[in-house]
Amino acid sequence: MNFGRSLPPAFFKWCEHAFIGTFIQRQSMWGFAITETIHIIALSILLGSTLVVDLRLLGYGMKRQSVAEISGILNPWTWGAFLVTVITGITMYDSEAARLSTSGPFFYKIVFLLLAVIFHVTIHRKMTGPNAKQGTATAKVAACFSLVCWLAVALAGRAIAFL
């Protein structure tokens with residue numbers, strides 16, 4: 001899959017030769033590894049906080065608290081981790097933009113990331129808000145879709161290294 005066809009190759013070379021791309025890939029022995037480690041830790045926090053909320057939406061665990069309470073407690077962790085994940089992801093992208101422009105798994109990671117974020121700020125937010133009805137079929141479907149999207153982001157990201 002070559003989703004980079006619509007952009008000129010000069011764009012990808014520019015990314016790789018920009019300060020961040022050059023520093024991470026060529027001037028720092030540990031730059032990429034440290035950035036990737038922070039990226040994975042932040043993604044784990046994001047997935048973990050989303051998993052707890054989605055499991056509660058499905059009716060599992062923490063039944064003394066409402067979905068809205070749990071979501072309210074974990075939302076700062078979710079969005080903080082998301083921010084760190086995006087920053088480290090852009091940093092890693094800049095170091096190998098040309099290769100990623102033709103990577104199928106990277107394309108799917110971005111597609112699922114966009115789906116997950118759009119879903120999270122629209123439907124998922126309504127399902128976990130203060131006026132949400134717990135235990136409905138709609139809430140359970142929303143939880144499943146959320147889990148599928150976020151796990152697909154993680155799996156596609158992992159596949160980038162191998163495909």
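The values are calculated or read from the model by the stated rules, or taken from the named source; none is laboratory data. In this text the structure is predicted, and so the values were computed from the model without any measurement. Every residue, glycine as well, gets a Cβ built from its backbone with ideal geometry; the counts of neighbours run over all protein chains shown. The protein model used for the area step is the full one, side chains on, heavy atoms only, and it has no ligands, DNA or RNA in it. Shrake-Rupley method; radii C 1.70, N 1.55, O 1.52, S 1.80 Å.
Residues in region 133-153 that are touching a helix residue (DSSP H, G or I) at 6+ places or on another chain (Cβ under 6 Å) and of a type in the set (Gly, Ala, Ser): Ala139, Ala142, Ala143, Ser146, Ala152.
Within region 127-163, the residues that satisfy the criterion of being of a type in the set (Ser, Thr, Tyr), open to solvent by less than 80 Å² (accessible area, probe 1.4 Å) and in a helix (DSSP H, G or I) are Thr128, Ser146.
Hey, any hits in region 36-45 for a residue that's outside any helix (DSSP H, G or I), farther than 21 Å from Val148 by Cβ and not aromatic (Phe, Trp, Tyr)? No: region 36-45 contains no residue that is outside any helix (DSSP H, G or I), farther than 21 Å from Val148 by Cβ and not aromatic (Phe, Trp, Tyr). For region 9-20, how many residues are open to solvent by less than 70 Å² (accessible area, probe 1.4 Å) and of a type outside the set (A, V, I, L, M)? So the count comes out to 3.
Contact annotation: no residue pair with Cβ atoms under 9 Å, 6 or more positions apart or on different chains, pairs a residue in region 24-49 that is among the acidic types (Asp, Glu) with a partner that is part of a helix (DSSP H, G or I) and open to solvent by 30 Å² or more (accessible area, probe 1.4 Å). Restricting to region 61-90, name every residue that is over 28 Å from Gln25 (Cα atoms), within 18 Å of the chain's Cα centre (by Cα) and open to solvent by 40 Å² or more (accessible area, probe 1.4 Å). Asn75, Pro76, Trp77, listed by residue number. Among the residues of region 113-147, those identified as of a type in the set (A, V, I, L, M) and touching a Cys at 6+ places or on another chain (Cβ under 7 Å) are Leu115, Ala116. Among the residues of region 91-114, just one is farther than 22 Å from Thr37 by Cβ, touching a helix residue (DSSP H, G or I) at 6+ places or on another chain (Cβ under 6 Å) and open to solvent by less than 40 Å² (accessible area, probe 1.4 Å), namely Ser101. Taken together, the criteria exclude Val117 from residues that are among the hydrophobic types (A, V, I, L, M, F, W, C), out of contact with any Lys or Arg (no Cβ under 8 Å at 6 or more places or on another chain) and open to solvent by 80 Å² or more (accessible area, probe 1.4 Å). When Thr102 is tested against (1) in a helix (DSSP H, G or I); (2) within 27 Å of Val86 (Cβ to Cβ); (3) of a type in the set (S, T, N, Q), exactly one condition is not met: (1). Would you confirm, using the coordinates I've provided, whether Phe23 is over 20 Å from the mean Cα position of the chain (by Cα) and either surrounded by 15 or more Cβ atoms within 10 Å (Cβ to Cβ) or within 18 Å of Val84 (Cα to Cα) (or both)? Judged against the criteria, Phe23 is a match. Annotation note: Cβ proximity below 6 Å between a residue of region 69-83 that is within 13 Å of Val117 (Cβ to Cβ) and in a helix (DSSP H, G or I) and a residue that is small (Gly, Ala, Ser) and open to solvent by 50 Å² or more (accessible area, probe 1.4 Å) (sequence gap 6+ or interchain) occurs for no pair.
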